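Q: One structure coming up, written as structure tokens, with questions to follow.
Values in this text are rule-based calculations from the coordinates and carry no lab data. Every value quoted in this text rests on a predicted model; they were computed, and no experiment measured them. Here the Cβ is made from the backbone with ideal geometry for all residues, glycine too, and neighbour counts use every protein chain on show.
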Amino acid sequence: MACVSASVAHSQRELLTFPLAPAIRAKLSSAGFLTVADLNNVKPSQLSKEAGIALEDALEVVKIISGEGKTPMPSQSALELLEQEQNLPSIVTFCAKLDGVLGGGVTLRQVTEICGAPGVGKTQMCIQLAVDASIPEELGGAGGEAVYIDTEGSFIVERVADIAMATADHCHRMAASADDVDIGNYTMETILAGIHYFRCHDHIELLATIHLLTTFVQKHPKVRVIVVDSIAFPFRHNFDDLSMRTRLLTSMAQSCIQLATNFDLAVSVCAWEMMMMTIMMMILTSMAQSCIQLATNFDLAVVLTNQMTTRFTLGSNGSQLMPALGESWGHACTVRLILFWENSQRHAMLYKSPSHRETTVLYQITTGGIRDVISRKTCSDHEPQEADGTESAVTKRPRLA
Amino acid sequence: MSALRPWMCKALTDKVWLLLRDANINTVIDFVVRDREEIARTCCIAYKDVVSIGRVLMAQFSTFPLTGLQLYTNIMSSHAILSTGIASLDELLDGGLYAGELCELAGEAASGKTQVCMRCAVTVATVHAQNTMYIDTCGSFAGQNTLQHLPGAHTQEKTTFNGPFFVLLFGEMVEETLSKINCVKVHDIYTLLSALDDVSSSLKTRTGGQHGNVKLIVVDCVAAIFSPILGGQQMDSLALIEHLGRQLKSMAADCSVACLITNNLTSGVEGECQPCLGKVWAHVPHTRVLMGRDSCSDTSRKFTVVKSVRVKTPVTVLAEMNPEYPAG
């Protein structure tokens, strides 16, 4: 094992800035090793003796500091990025207006969050995107596969089959109308075979799944979209017994009050709630970071759904509906799309985007999936508008007044 | 301070070093705080040697005094004020972003922080013909977006921005501008620190290349890096926040670059909005600007300076953000 290599040997960079274990770093700093320059020409055996750490640890330290096995961080100019972006397909929603707002569909390399009240079509949107990831490259699609992480149990495979069938039909029609485009064997079966479904029951499973996705995506390089439906559910319901949680909290509050009165202490009770919140926030934000990392490293789109919650504000405003999981989470995703009902029509509002301005558009959900709203006069007959009674999604009505 | 190594100075021979180690004197600090005579007595080293080692160590680890005049001449030679590309924001900041200083932009989600950062990067590339290092932690930097901020972009039809047609149209100008903006995507604090270290070492040694000529460093955003490690049992995160602040400040001063960082605004305990990372971070930026949406118009934003060494605080201005109708 070589010493720290010459290129980094004279750096005054502090050891604090390397991902070393805190216990080892404490031993190193008490032995006087504070910067990279201090480790110059120090052999691992010598380091282990002087700092009083195991030889394996010393080897590990030297390895981390000299940056072995780590590829240098690529820095790219905006021009290179632009050229790459222009070659990347986006994943269409099949609602032309919505695609226009999003800049051609859901963008790869970005994290898109879809928020909305129950029944407004978040899951339908997700299924549509998972199916649309498979649209052949010949037709301008991504021609890839999808990862679908379901936390709510709302992934109904019959519904997916419907949307996949409609998509396959549509693509074959498009291929037939265009000359010399052959999309070969593109059927409902091939689409469904390209959707990898994970069912996560709680936040721990979700976290573990998202962290293991890197290896999964490496094994399945055709994956172009990762859908998480929904991110909020396990975090809003992660306690099996809500009354137990309340009991614990109130008993904690009681003992705090007891402490405070008996010993003249000031105990801030909301701090307990805050503590639990910070741990949740840590998990959420680290998940957001791994999503962004996946999106950039593997050129794929990440789509998350979020629930809506009511925020009460003191004063004249009263309450308003807003995405759940709080403000810190609001910063985490790149694109935020809010779905809502108005005049018994479905609306999609682009609320946050680094590249496109805020806009609101209409969309509808048909048997075949997400579509543009077509006014009665121009309604073409090949779009199946009428339900045949067995489709639950078509007959979905706004549940909120 | 650093460990004592043999041959740090002439009198510190291998033998003396071993003697010092036996007396449990491992670091420079251990040496400095001990009494010289005591060291000479307990370690059986000549008093003359101990004094000479002490003198050399002091000289090595001290800094040099500078006169006010020298500082002033240095500042004047490396002085630069970079325009943000938004006229009223420039005015609010007394000219724009100052080289050697950190400016923080804090705002709620979707308030336009990334837009301001991109506008700055493009302006620095076009107006000042300098390079920008853009460190992106939340995956929001895209080449497509920078196009919108190019001067003259607003006079063209919107459809021409998409696709290679635009590049054909403005070919050279676009290529030259965009190649002046370098982007690194980082996802944790250690890679952020090593990216900054790379930039500062290549700026100090003037090796040129990709990081040469960098005049603006953008970190968008700092809170996204720290949120996953703040709280719970992790004691290091505060030290790392402190370290990032120190590194950015010393880089800004040593290499005379301007730093623009963004931070998130979230509701605090009493329900009012405050920037993340708390009091430890609050003293790091030289200038702190809060930005938010304006209730009257969708495209304009409100900027409020809450901390500054130059201008009276707090001052608020409204600025038009829409790239198609630039302010001024």
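Q: Over the stretch A:13-124, what is the relative contact order in percent, taking alpha-carbon pairs closer than 8 angstrom and at least six residues apart?
A: 15
Q: Also: The stretch B:14-61: percent of C-alpha pairs farther apart than 16 Å?
A: Across the stretch B:14-61, Cα pairs with separations above 16 Å total 27 percent.
Q: Net charge within 11 Å of B:Cys221 by Cβ-Cβ distance, Lys/Arg positive one each and Asp/Glu negative one each, not counting B:Cys221 itself?
A: Residues near B:Cys221 contribute -2 overall.
Q: Mean separation of Cα pairs under 8 Å and 6+ residues apart, divided by the residue count of the stretch A:12-65: what relative contact order is that in percent?
A: Over the stretch A:12-65, the number comes to 38 percent.
Q: Over the Cα atoms of the stretch A:12-65, each weighted equally, I'd like the Debye log10 I(q)/I(0) at q = 0.14, 0.16, 0.21 Å⁻¹, rounded to two decimals.
A: Each listed q maps to, in turn, -0.27, -0.36, -0.64.
Q: Order these by the 10 Å Cβ neighbour count, fewest first: A:Ile183, B:Ile81.
A: Details: A:Ile183 19, B:Ile81 15.
If I rank by nearby Cβ atoms, fewest first, I get B:Ile81, A:Ile183.
Q: Percent antiparallel among DSSP beta bridges with both residues in chain B, to the nearest 5?
A: Roughly 40 percent of the DSSP beta bridges within chain B come out antiparallel.
Q: How large is the helix-only mean residue ellipticity at 222 nm for chain B, computed as the sum of -39500 (n - 2.57) over DSSP H runs with n ≥ 4, divided by its residue count, in deg cm²/dmol to the nearest 500?
A: Helix-only estimate at 222 nm: -12000 deg cm²/dmol.
Q: Pop out the Kirkwood hydrodynamic radius of chain B from its pairwise C-alpha distances, inverse of mean 1/r, in Å to one decimal.
A: Details: mean 1/r = 0.0441 Å⁻¹.
Kirkwood radius, chain B: 22.7 Å.
Q: Among the listed pairs B:Lys113/B:Lys307; A:Lys49/B:Lys15; A:Lys27/A:Lys219; B:Lys180/B:Lys279; A:Lys49/B:Lys10, give every one whose C-alpha distance is greater than 29 Å.
A: Over 29 Å Cα-Cα: A:Lys27/A:Lys219; B:Lys180/B:Lys279.
Q: Also, quick follow-up: What is the fewest-to-most order of B:Phe64, B:Phe226, A:Phe340 by other Cβ atoms lying within 10 Å of their Cβ?
A: If I rank by nearby Cβ atoms, fewest first, I get B:Phe64, A:Phe340, B:Phe226.
Q: Work out Dmax and Rg for the stretch B:102-146 from the C-alpha atoms and quote the Rg first, both in angstrom.
A: 11.0, 31
Q: If you don't mind, there's one more thing I want to ask. Which whole-number percent gives the relative contact order of the stretch B:71-320, counting Cα pairs below 8 Å spaced six or more residues apart?
A: Reported relative contact order: 30 percent.
Q: Taking the Cβ of each residue in B:Cys44, B:Cys273 as the centre, tally the other Cβ atoms inside 10 Å and list the residues starting with the fewest.
A: Starting with the residue having the fewest Cβ neighbours, the order is B:Cys44, B:Cys273.
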